[in-house]
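Here the structure comes first, spelled out in structure tokens, and everything after it is commentary.
The values are calculated or read from the model by the stated rules, or taken from the named source; none is laboratory data. Bear in mind the structure is a predicted one, so any value in this text is a computation, not a measurement. Every residue, glycine as well, gets a Cβ built from its backbone with ideal geometry; the counts of neighbours run over all protein chains shown.
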Amino acid sequence: MKHILSLIALSVSISAFAQPVPSPEKAKKLLDEVSAKTKGFSTINAAFSYSLENKQIKLNEKQTGNLILKGQKFKLTLANQEVMSDGKTVWVYMKESNEVQVKSVEDFNAESEINPTKIFTVYEQGYKFDFVKEAKMGDKTIATVDLIPNEPKKKNYSKVRLEIDKASKQITSTKSFGKDGNTYTLTVSKFTTNAAFDDKSFSFDKAKYPGVEVVDLR
């Protein structure tokens, strides 16, 4: 959960690269444009793949999932768990044990470091950033921006690299570089906006999970 920082990635082939153009001002301008556009969506629904790689220990794990965002509400579905929030409470359901943990949003944020509702605006506080380069990917121009924590000792990663479609102002990939050698990459296969979702979609309905054990940690 803590490494899912942003969404929206396309599978495209790189045809050419431009030279690096370091520029914090250019990076901030582009990120502000991405944030402004994203905040204009009433809902976001994204199917994605997520990988964890550590070359030193030959680790390469992959999983798929889906994320729905509606204001401060979200529902994250992974292979082994579901995480949902109505903006006040968070339910973490673990499929193998048929157990759901109930937490406050504040406790969840403290544990997970990144709330899914903040993934598009994570850069706004606590980071310095650089515009690294532009690349042609098929018929798209992709900009690469690095986010570097202002207080690196308090983070378990050294930087987060974003790739952004300059025309659509959408983040196309994210990669988090862990200090432990782990690299986390998120790629979105489908991205839709402004679909209608009932608020009940973001709350845990015990009746739909027969025999579930409820552990209230609030």
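Can you run down the residue pairs with Cβ atoms below 8 Å, 6 or more apart or on separate chains, where the first is in the stretch 161-180 and within 26 Å of LYS55 (Cα to Cα) and assigned to a loop (DSSP other than H, G, I, E, B) and the partner is modelled with pLDDT of 85 or more and not aromatic (Phe, Trp, Tyr)?
Going by the 8 Å Cβ cut-off, the qualifying pairs are LYS179/SER158; ASP180/ASN54.
Taking the condition among the charged types (D, E, K, R) and more than 24 Å from ALA47 (Cβ to Cβ), does LYS175 pass?
no
Enumerate the pairs (first residue in the stretch 183-194 and under 13 Å from ASN60 (Cα atoms); second residue anywhere and polar (S, T, N, Q)) with beta-carbon separation below 6 Å, excluding pairs fewer than 6 apart on the same chain, so at least 6 apart or on different chains.
Short answer, once both residue conditions are applied: TYR184/SER176; THR185/SER51.
Look through MET84, MET94 and report the one residue that is under 30 Å from GLN170 (Cα atoms), at pLDDT 90 or above and aliphatic (A, V, I, L, M).
Numbers: MET94 fails: under 30 Å from GLN170 (Cα atoms).
Unique residue meeting the criteria: MET84.
Can you name the number of the only condition in (1) of a type in the set (Ser, Thr, Tyr); (2) more than 17 Å from the chain's Cα centre (by Cα); (3) crowded, with 16+ Cβ neighbours inside 10 Å; (4) closer than 23 Å to THR38 by Cβ that TYR209 fails?
All conditions pass for TYR209, except number (4).
Which one is modelled with the lowest pLDDT, of the residues in the stretch 105-141 that are of a type in the set (Gly, Ala, Ser) and part of a loop (DSSP other than H, G, I, E, B)?
Result: GLY126.
Any chance you could count how many residues in the stretch 1-50 are in a loop (DSSP other than H, G, I, E, B) and modelled with pLDDT under 50? I'd like the intermediate steps shown before the answer.
From the stretch 1-50, those in a loop (DSSP other than H, G, I, E, B) are 1-13, 18-23, 40-43; that's our starting set.
Those still in the list that are modelled with pLDDT under 50 too: 1-13, 18-22.
Total meeting the criteria: 18.
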